[in-house]
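What follows draws every value from the coordinates through simple rules; no lab data is involved. As the structure is a computational prediction, the values presented were derived from the model and not from experiment. All Cβ positions, even for glycine, are placed from backbone atoms using ideal geometry, and neighbour counts span all protein chains on display.
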Amino acid sequence: MIQSKLPNVKESIFSIMTNMSNEHNAINLSQGFPDFKVSPNLIKLVNQKMKDGHNQYAPMPGVLELRQKISEKHEKLYAHTYNPDTEITITAGATQGLFTAFTAFLKEDDEVVLFEPAYDQYVPAIRANGATPVYVTLKAPEYQIDWEEVKKVVNARTKMIIINSPHNPTGKLIPEEGMMALSKIVSGSKIIVVSDEVYEHIIFDEVEHQSAAKFPELIERTLIFASFGKTFHATGWKIGYVLAPENLMKEFRKIHQFVVYAVNTPIQYAISDFIDNENEYLELGEFYQKKRDYFVDLITENTKFKIIPTFGTYFQLLSYEGLSDMKDKEFAEWLITEHGVAAIPVSEFYHDKFNEKVLRFCFAKSNATLENAVKRLKKI
Ligand code: PMP
Ligand code: GLN
């Protein structure tokens, strides 16, 4: 008889909804991935790097050229320099980076403070590493963090606090004051901050991203996670990176080397060249803002769903309050089977399945796909 480490964990909601969507030939706005093409130049570069013979193991922390480029990029954007040798590691997507960090730092009896709704990986990964999640609940429609509440749950066992801005699934941002409040809470403690910033370039309305790298009190205790999958429309490539001060990175790498050793080589070389085109990431916010506005206008003009404003990421929350008494998971399944549109029920991002009748839709899709989806939602 196997004693499961994660007895309550089932298949991820992203797999469930995508599989169901495919089964019913629905329009899949559930799992977050773009339907746009990866830049042909980037594809060409990957191909070229393979032809050039970059096909064997990369150095354990990643290709040095790429780490140097990342360092320069961060210095330019957030005015803090991460040392490419000792403070940057390339990961197989943010997912592997996050799991590796939990394994490197969490022990039994440690507590990890996180905000729900939370990206679905955090809680199982914390538990698999023996630690205990401590939840702070954010509620619709603002989903704002009450830092006074955070102060109350922090105690001597708190090993880590996880933040995620821009936030999946709500599209909310942590403002500068929030980052300052967090700085105050952790100042003088041994708490490690995990800052999931995979949507750093998908921010709207010309608001500035408040990276943890901008706050001196945070820099010394924070691991920042980034994902090229989000930035270059290539979620299937599973490549990202982590930034952290040397003492934290040293521990991170002890685990990283035995989890993947190194990440695939040709894509690292290709991105290292491609990342010179700053507009590829600097114009991403504007690109997605147009998508958000297009989707929001279509929904407002044609359907009875209520918009819950999104300020970043490629997700839009819609409330179906007044449209149905079904719980959100049931409603999402019904949407697929009866109307052919797939979305993610937001209760799945709460450990107690807290249901506020809200669904998450991914708008990283062509306008035609969004139009077709709204045509179907119009009938409800
Ligand atoms: N964190 C958040 C908040 C995400 O939305 C995602 C994307 N699924 C990840 C981490 C993982 O990123 P990656 O695909 O690079 O593993
Ligand atoms: N990040 C994506 C989302 O939130 C999906 C990631 C996954 O499928 N694991 O939809």
Square roots of five times the Cα gyration tensor eigenvalues for region 1-106, Å: 32, 24, 16
Subtracting the Cα-Cα distance from 0.36 nm times the residue separation, let me have the gained length for GLU321 to GLU177 in nm, one decimal. 48.7 nm
Whose amide H sits under 5 Å from the amide H of VAL134, counting only residues 5 or more places off or on another chain, with H placed in the peptide plane? VAL112, VAL113, LEU114
More than 34 angstrom apart: percent of Cα pairs within the chain: 27 percent
Which whole-Hz ³J(HN,Hα) couplings does region 375-380 yield from phi under the Karplus relation 6.51 cos²θ - 1.76 cosθ + 1.60, θ = phi - 60°, glycine and proline marked x? 3, 6, 5, 4, 6, 8
Amide H neighbours of GLN144 under 5 Å, counting only residues 5+ apart in sequence or on other chains, H built in-plane at 1.01 Å? LYS139
Each residue of region 110-124 in order: what ³J(HN,Hα) in whole Hz does its phi give by Karplus 6.51 cos²θ - 1.76 cosθ + 1.60, θ = phi - 60°, with x for Gly and Pro? 6, 10, 10, 8, 9, 10, 10, x, 10, 3, 5, 6, 3, 5, x
Given points 7 Å out from each Cα along the Cα-Cβ axis, report the PHE258 to TYR57 separation in nanometres with one decimal. 1.6 nm
Can you give the FRET efficiency for LYS353 and GLU283, using 1/(1 + (r/R0)^6), R0 = 51 Å, r = Cβ-Cβ distance, to the nearest 0.05? 0.85
Structure-based [θ]222 nm, the chain - -39500 (n - 2.57) summed over DSSP H runs of at least 4, per residue, nearest 500: -11500 deg cm²/dmol
Here the gain from full extension of THR137 to GLU65, 0.36 nm per residue of separation minus their alpha-carbon distance, amounts to 21.8 nm
Distance in nm between TYR294 and GLN121 label points, each 7 Å along Cα→Cβ, equals 2.8 nm
Alpha-carbon centroids, region 150-203 and region 356-380: separation in whole Å: 31 Å
Extension reserve of the MET50-ASP276 stretch, reckoned as 0.36 nm per residue once the Cα distance is removed: 79.4 nm
Could you go through region 358-371 in sequence order and give the Karplus-derived ³J(HN,Hα) for each residue, using 6.51 cos²θ - 1.76 cosθ + 1.60 with θ = phi - 60°, rounded to whole Hz, and x for Gly and Pro? 10, 10, 9, 10, 8, 9, 7, 9, 4, 4, 4, 5, 5, 4
